[in-house]
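Every read-out reported here was derived from the displayed coordinates using simple, explicitly stated rules and does not represent laboratory data. Just so it is clear, the structure is predicted and the values come from calculations on it, not from any experiment. Here the Cβ positions follow ideal geometry from the backbone for every residue, glycine too, while neighbour counts run over all protein chains shown.
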């Protein structure tokens, strides 16, 4: 039993499987929404026990559990269902690595809906959201993002803070802070770090909650508003620009990075965790595939390192470098004032 | 570069990949709708040439081609895109094996839309189509089915006719004929075969077209209407019931099979090509996964052989057997009067 469609050379099945691949997303989201994985982890293994506990029909539960078995998120032993290592680690709500909330954001109408009229989007080269959704001030989707995607961002935030937090007193600006985890990781690793989170005012509520949970609220302050409009202040040792540049065209990014450059202290650095495809644009796979998601936005893209380096250079930075975040799929641009 | 998401043990990436898997379906359908594969097969390999020919933006074309490269339907050499063996065989409109039309049916609102409210569907154990779509008389989706899915059905129709057509004069009833290919294959293989196709009157137009194309129109007649209501006639040597039983509950199927039994000659057989999961219901994968698609219907399912055997038995058939259609994913129930 494989956990993904196994194409064979010249098999018509691969066309059929790919046209049905959307069912994988739909089934996993249903399993998460019904709290199926936690229910099984709590000791419910028979169809009847699971169905009763998740308040679903036995037939629907059977079809869902069998499907999730085939795509690798459950194991079936006789008539009993068990979690796999993946679902135990990431889909049991009691697990510290629980990632189920991601489904709320990644499959929301605001995100998945961007690709609904894919053929038109490809014709035009970008999406035309009905209400310019993603970029509207204080759009609630970014609160959803901050809440839903935070668990996924723990690992890269930790990796980046380990690389750059140091032990000297620093002043850090976290642009499009979202959940705030990137800046907060610096504050946790370096007791001399003072962090300023910038985002829409409603999103900053989530960042402040997370700063309080991490015990760093006294060193966490905020600037509400659009990164393109508000004053950043000055003298920052580090400016984080996490997952922000992929929403805009290069000219817009250069304008923003010019502001970042001006806000940095003389030895300051900017750090941008991003999906960064190689120059071939078909590897690494998760970074390169992200360009499809961004095509649904009006002007976004997953930029190569060469493209990002040029934007930072045009904004005044003297040199840049790329760092890996392995095993996390994203990579970093680190750019020096 | 792999052509499917490669999960690793306990990698959070597998959750992310599965929640994004719907993009594979969307991207392949867009490539088919834009005639991308035929365009490349005709000798357009650079982004500019392809984009111009499919009348799309270069950016959108780039993102789509790179994505299709990553999921195995294109190959990228430097800046040029080529077809893979799969796309050359099944996605170039000029290929005799072209299957691109499948996207029209499999991703139509009438089919993919069934799984839209998946969590509710699982709770209830079945879908509640707003207008009882699939089962409404003369619903246009079955005309779409007959036109779109025919290419996929050439192979199994051929395999079944080779097994059972023989050379003696026979009278054959094809219930839910659709495209008509199953019955037509018998007529092609056996000049003494007379075929009666039964389906909605609008769907039978497609079957009649296909019978004419195959040069067997003089031995092809039709019965328009619902298989549950119309008279079948009597004395058939063979009754085909292709991909029909999975729409209904067992009791309804037994009623239908009782009518089939009565219409057969004393030595007659019924043949039902179906998605038939093993008793474990998680293999073979394509047969077993079909239960997810059918869960979206009010009462359908992918039945195991044991379940189908029981339905045929209760309808009066003396014995049944299962036959493989390898390499095609479906299997056959053959049942003897």
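By the Cα gyration tensor, the stretch A:1-101 has an equivalent ellipsoid whose semi-axes, rounded to whole angstrom, run 25, 15, 12 from largest to smallest. What separates the Cα centres of the stretch B:240-294 and the stretch A:286-337 is a distance of 53 Å.
Counting only DSSP beta bridges with both residues in the protein assembly as shown, tell me the antiparallel percent, nearest 5. Here the antiparallel bridges make up roughly 50 percent for the protein assembly as shown. Taking only Cα atoms, what is the 0 to 90° angle, nearest 10, from helix A:250-263's long axis to the longest principal axis of chain A? Helix A:250-263 sits roughly 50 degrees off the main axis of chain A. Report the label-to-label distance for residue B:205 and residue B:280 in nanometres (one decimal), using points 7 Å from each Cα along the Cα→Cβ vector. Spacing of the two 7 Å Cα→Cβ label points: 4.7 nm. At full extension, residue A:262 and residue A:135 could sit 43.3 nm farther apart than now, given 0.36 nm per residue minus the alpha carbon distance. Would you work out if the stretch A:52-162 is rounded, prolate or oblate? Take a ≥ b ≥ c from the square roots of the eigenvalues of the alpha-carbon gyration tensor; rounded if a/c is under 1.5, else prolate when a/b is larger than b/c, oblate otherwise. Judged from the Cα gyration tensor, the stretch A:52-162 comes out oblate (a/c at least 1.5, b/c at or above a/b).
Listing A:186, B:164 from the residue with the fewest other Cβ atoms within 10 Å to the one with the most, what is the order? Don't skip to the answer; put the middle values down first.
Values: A:186 27, B:164 21.
Fewest-to-most ranking of A:186, B:164: B:164, A:186.
Per-residue ellipticity at 222 nm, computed for the protein assembly as shown from helices alone with -39500 (n - 2.57) per DSSP H run of at least four residues, works out to -12500 deg cm²/dmol.
From least to most packed, judged by other beta carbons within 10 angstrom and beginning with the fewest, B:274, B:209 follow the order B:209, B:274. Here, P(r) means the percent of Cα pairs in each 10 Å bin from 0 to the largest distance; for the protein assembly as shown it is 3, 14, 23, 22, 17, 11, 6, 3, 1, 0. Label sites at residue B:77 and residue A:218, each approximated as a point 7 angstrom past Cα along Cα to Cβ, lie 6.6 nm apart. Packing here is the average count of other Cβ atoms within 10 Å per residue, and on that basis the peptides A:109-117, B:100-108, highest first, run B:100-108, A:109-117.
Can you say what percent of the DSSP beta bridges in chain B, counting only those with both residues inside, are antiparallel? Round to 5. Show your work: numbers first, answer last.
On the way: 16 of 34 bridges.
Given both bridge residues lie in chain B, the antiparallel proportion sits at roughly 45 percent.
Just order B:166-173, A:228-235, B:195-202, A:319-326 by mean Cβ neighbour count inside 10 Å, highest at the front, would you?
Details: B:166-173: 16.9, A:228-235: 11.6, B:195-202: 22.4, A:319-326: 13.9.
Result, highest mean Cβ count within 10 Å first: B:195-202, B:166-173, A:319-326, A:228-235.
Remark: mean inter-chain Cβ contacts per residue of A:26-37 equal 5, using a 10 Å Cβ-Cβ cutoff to other protein chain atoms. Each residue, residue B:307 and residue B:162, gets one label point 7 Å from its Cα in the Cβ direction; the gap between the two is 3.0 nm.
For a Förster distance of 45 Å, can you work out the FRET efficiency between the beta-carbons of residue B:33 and residue A:251, rounded to the nearest 0.05? Approximately 0.90, to the nearest 0.05.
Taking the square root of 5 times each eigenvalue of the Cα gyration tensor, what semi-axes in Å does the equivalent ellipsoid of the stretch A:182-234 have, largest first? Don't skip to the answer; put the middle values down first.
On the way: eigenvalues 76, 34, 10 Å².
Taking √(5λ) for each eigenvalue gives 19, 13, 7 Å, largest first.
Considering all different alpha carbon pairs of the stretch A:234-327, the Kirkwood hydrodynamic radius works out to 13.7 Å.
Counting Cβ atoms of other protein chains within 10 Å of each residue's Cβ and taking the mean over peptide A:287-299 gives 4. Remark: mean inter-chain Cβ contacts per residue of A:317-329 equal 1, using a 10 Å Cβ-Cβ cutoff to other protein chain atoms.
What's the ranking of A:35-43, A:13-21, A:261-269 by average number of surrounding C-beta atoms within 10 Å, highest first? Please list the in-between numbers first.
Details: A:35-43: 20.6, A:13-21: 23.7, A:261-269: 16.3.
Result, highest mean Cβ count within 10 Å first: A:13-21, A:35-43, A:261-269.
With respect to chain B, whose longest principal axis is taken over its alpha-carbon atoms, helix B:305-314 is tilted by about 30°.
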